[in-house]
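In what follows, a single structure is set out as structure tokens and then discussed.
The values are calculated or read from the model by the stated rules, or taken from the named source; none is laboratory data. This is a predicted model, so every value here is computed, not measured. The area values use the complete protein model at the heavy-atom level, side chains included, leaving out ligands, DNA and RNA. Shrake-Rupley method; radii C 1.70, N 1.55, O 1.52, S 1.80 Å.
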Amino acid sequence: GLAEGAQALWRIPPGPAPLAVRVQQALYAGGALQSATRGPAGGQVTAVMPAEAGWRFGAEALAQAGAEALAAQRRHWGDVDAMPRWLLLLLPPPAGSGTAETMGGTAWHHALALQAPTELTVPGPVFDSLVAQALARAWLNDRFGPLAHAGRGDEALRTWFTDGWADYLAHRSLLRDGRWTAADYANELNRKIAQYLGLPELQVPNAQIASAAARNPALAALAAARGEWLALHWHASLRGAGQPGLEALMRRLL
């Protein structure tokens, strides 16, 4: 729900699951917020963002762009069931780190949390990429059980697939849906390649990266980039062998 003021009270309803399971990365508190709901019935997005963070757009534009981006991803994956209202939370990067490397997003259930510097343009290709990557990573985790199963303690070792292949699928979907041009796709890949080649850990094996990724987010991005390069190579190999490509193969595996 929505509440304002010093007397606002948040109650967690009782349930059979432990509290740590019922509340996971689900609370944002502090400072004045602005919110808006946009989109058609059955596809609405409620956007929430700090009121004075410095972005050049408001919650109305964020909600509308979020609804359009979410609808594009649903079209790409053929989702035809009724869509519940989504929550889109936009947060600024940590103080003193307003670079593009601090951008990212995560989806949980019907909520999407994005982090981006105030230079972000909404709508725009960078915003589309943030939303599409976050949704694709959640989509892949939901639909490819053994490789994406959480709880085995080896999540960091599977980043090449759960994050890297999801990024590949997200970028292809933006291009196919017409939300990206070929130049937008090339610019994003060039940005990732430049960041990838600039890391001193470029030759470190994935097993070592996995053990240190929690302390260094750049290493997690390195493993994800390796996964996207692998997906691009395998897609090219499949097409070269007369096959329809990696996306068609994954659809058959669902």
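Per the Debye calculation on the range 161-217 with a single equal scatterer at every Cα and no solvent contribution, log₁₀ I(q)/I(0) for q = 0.16, 0.26, 0.27 Å⁻¹ amounts to -0.64, -1.09, -1.12. Taking amide H positions as modeled 1.01 Å from N, with prolines and chain starts lacking one, the residues under 5 Å from V48 and 5 or more places away or on another chain are L88, L89, L90.
If you average the sequence gap of Cα pairs under 8 Å that are 6 or more apart and divide by the length of the range 191-253, what percent do you get for the contact order? Relative contact order of the range 191-253: 20 percent. Ranking of L174, L19, L230 by solvent-accessible surface, largest first: L19, L230, L174 (1.4 Å probe, protein heavy atoms only, all chains present).
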